[in-house]
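The values are calculated or read from the model by the stated rules, or taken from the named source; none is laboratory data. Keep in mind that this is a model prediction, so the values were computed, not measured. Neighbour counts run over all protein chains shown; Cβ positions are idealised from the backbone, glycine included. Surface accessibility is based on the protein's heavy atoms, side chains included, excluding ligands, DNA and RNA. Shrake-Rupley method; radii C 1.70, N 1.55, O 1.52, S 1.80 Å.
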Amino acid sequence: MANHFEEFKVKMQVAGLSEAAIAAFKKNYDQLVAGVTGMVPEDEINSATGLPSLLDLPSVSPSEAKTLLSQTAVLKLNGGLGTSMGLEKAKSLLVVKDGKTFLDLIAEQVKHMRKSYGSDVIFTLMNSFSTSDDTKAFLREKHPDLLEEPFIELMQNMSPKVDAATNKPSSYPPHPDMEWCPPGHGDIYPSLLGSGMLDSLIGRGIKYLFVSNSDNLGATLDLDLLSYFATSNKAFLMEVCERTAADKKGGHLCLRRSDGRLMLRESAMCPDADKKAFEDIAKHKYFNTNNLWVSLEHLKATLDASGGALALPLIKNKKTVNPRDSRSEPVFQLETAMGSAIECFDSAGAIVVPRSRFAPVKTCSDLFVLRSDAYVIAEDATVAVAPALLAAGGGVPLVKLDDAHYKLVDQLEALAPDVPSLLAAKSVTVKGPVKFTKGVVLTGDVTLEAEGSSPALLAAGEYSGSVKMTPEKTTAGPTTAAGGTTTAGGAPPQAPPVAADQGCWHFLACK
C-alpha cells in the first residue's frame, strides 16, 4: 500500500508537534506500511539468565545518597485516565487511602525525601492532553509549590490516527480532536527530546532518570538501586520480577541471538507454534515491571545516532475513529512501549526486584485491599504492609470482587463505603452486590455471596467461610471454608502476598 507519510507530516506540523514527535511517528508508520509483523520466534532468542538482584545490593551511605540525588530526576507517567475503572480524570487523582490520592502520596514522598537528604531531586509528571489540566488544577490547590517548579510537567505528544482502509490520515469533521490519539508511553523519548527537557536536564547536571507509572505505589526511588545504576555505566536498566503461573500469558524478557541485546517479547510477538515455550515460566523467568532507569547522556547519544527517534517495535491497535460509535470508520492507532527501548542500547541491563515493587492498582479489587487496614501510610507518606500482618508472618490477602457490581470506582464506593478489616483474612471472594457496613471483620478464607440483584447488607461482625445473604438480610458463617480462592486474569491481579523483607511501598524503598 502507498506511503502517505508526507500528509501526516503536514498535519503534525500544523498541530505544532516537534520534529522529534514527527520522526517517532515516521518510524511507526513505516513499519505499518511495510507490514512488519514484529514476530519473534523461539529460535531467535535465548532466555535471560544470570541477572543481579536488588536484595543482594550493598546499602548506600547518606553522603553518597545526597550526591546521587542531586544528579537524579524522577518521572511519573501520568497520562492515563483509568477508564477501565470508570474514571474520567487523571487516574493519579483517585483517592486511594485515608483521603489521599496517588498524587498526594507521591508529592508528599518527594517533599519528605528532599527534606531528609537536603537534596532537591527533580520531580516530573508526564501528562497527556487528557490529564494535564486536571493535574495542574489539583497541584494548584494541594501542592502549589510543586506546580511552580520548572520541570514539573512533560507533555506527551499526540499521534494522528491512520485510516485503516487507505493508510492516510483519518478525517472526522464532527469532532476533529478524535483524529488524534495518545502514542503510548514509548513517547517519553521523543517528548523529552522535542520539548528540550532532555537537553535542559543534562545542562543542569542531571545524569539519571527513574521512570515509573503513577498508579504503582511500589515503584519507588530506591537509593541502593540508584547507586548500582550509577556505578554500572549502563545506558538503561529495567526492573524485572519473576513470573508466576498467573503471569505466563504476559510478556517476558529475553536475549536476542542476532546481536546479544536484551529485548521484550509480548504475546502478540510470539508465533502460535511457540506459545508453549512462551508460557514456560521456568525458561523465560522474568517480566517487565515498567520501572526503568535511564542514563540521560546515553539516551541523548543514542537519539542523535538514530536520527532523533528510537527504533521501537510498533503496537498497532485497530479501533474506530469515534470510539463510542462502532459504525464510524476503522482506524489504526500507532503506539510504542517505553520498556521496549531496552533493545536500543548496547549497554542495557535488567535487575530482579521483589514483587512489592510491582503493585499497580488496576482494578477495584486492588483498590479495596489498599484502602483496608492491610496497608498503612507512614510518616514519610510511604505505603507499607501493616505491621500486624508482617508480625504474624502472613501476606496481603487475595481479593476478587464481582466485576458485575464492583468494576467501577463509583460502584465500589456505593457498596463499600467502609472497607472491612482484612488483617486476619487469607482470601476474599465477593459474589453479587454485597454492601459492607462499618465494623465488618473478615478472617481466613471468606466467600460472600449476595443472592439477587439488589444490595445485601453485611452487618458489623466477624465472618469466615461461606456467607450467603439476601437483600435486607444477612446470613453469616461459619459454614464450609472457602478454601484457596484466587483471582483470575493478568498479572498481578493485585498486590500479592508480601514477605517481611518486601513490605514497603516507599519513594526511598527498603529492600
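Details
- Highest-first arrangement of 76-82, 341-347, where packing means the average Cβ count within 10 Å: 76-82, 341-347
- Carbon/sulfur fraction of accessible area - the chain, other protein chains in place, 1.4 Å, %: 52 percent
- Only beta bridges with both residues in the chain are counted; by DSSP, about 45 percent of them are antiparallel.
- Listed residues PRO323, THR302, SER116: farthest to the positive end of the dipole of the chain (Cβ charges): PRO323
- Here region 326-433 is treated with +1 on each Lys and Arg Cβ and -1 on each Asp and Glu Cβ, and its dipole about the Cα centre works out to around 420 debye.
- Pairs with C-alpha atoms separated by more than 29 Å, drawn from the list LYS66/LYS426; LYS161/LYS431; LYS207/LYS362; LYS136/LYS161, are LYS66/LYS426; LYS161/LYS431; LYS207/LYS362.
- The Rg/Rh ratio for the chain, using Cα coordinates for both the radius of gyration and the Kirkwood hydrodynamic radius, is 0.97.
- Sorting 86-93, 113-120 by average packing, meaning the other beta carbons within 10 Å per residue, from highest down gives 86-93, 113-120.
- The aspartates and glutamates within cross-link reach of LYS168, meaning a Cα-to-Cα straight distance under 16 Å and a gap of 8 or more places when in the same chain, are GLU6, GLU7, ASP30, GLU179, GLU329.
- Listed cross-link partners LYS111/LYS319; LYS11/LYS142; LYS249/LYS318; LYS97/LYS319 are compared with a 31 Å cut-off, the Cα-Cα value being larger for LYS111/LYS319; LYS11/LYS142; LYS97/LYS319.
- Only protein heavy atoms count here; under a 1.4 Å probe, THR231 has an accessible surface of about 110 Å².
- Taking the Cα centre of region 38-113 as origin and assigning +1 to Lys and Arg Cβ atoms and -1 to Asp and Glu Cβ atoms, the resulting dipole is close to 580 debye.
- Close amide H pairs (under 5 Å, H built 1.01 Å from N) link THR320 with VAL331, residues at least 5 positions away or on another chain.
- Charge dipole magnitude, Cβ of K and R +1, D and E -1 - the chain, Cα centre, debye nearest 20: 420 debye
- FRET efficiency for the SER453 to LYS89 pair, using the beta carbon distance and R₀ = 30 Å, is estimated at 0.55.
- Spatially proximal aspartates and glutamates relative to LYS468 (Cα-Cα < 19 Å; intrachain offsets below 8 disregarded): ASP402, ASP403, ASP445, GLU449, GLU451
- Shape of region 253-322, Cα gyration tensor, a/c cut at 1.5: oblate
- The distance separating the Cα centre of region 360-409 from that of region 224-251 comes to 24 Å.
- For region 334-370, backbone nitrogen atoms closer than 14 Å to the point 7 Å from LEU51 Cα along Cα-to-C-beta are found at 339-340, 342-343, 348-358.
- Highest-first arrangement of 187-198, 148-159, 385-396, 100-111, where packing means the average Cβ count within 10 Å: 187-198, 100-111, 148-159, 385-396
- Selection from SER214, PHE278, GLY393, by position along the positive dipole direction of the chain (Cβ): PHE278
- Accessible surface area normalised per residue over the chain is 41 Å², counting heavy atoms of protein chains with a 1.4 Å rolling probe.
- Dipole of region 265-424, positive direction: furthest Cα of PHE332, ALA378, VAL409, with charges on the beta-carbon: PHE332
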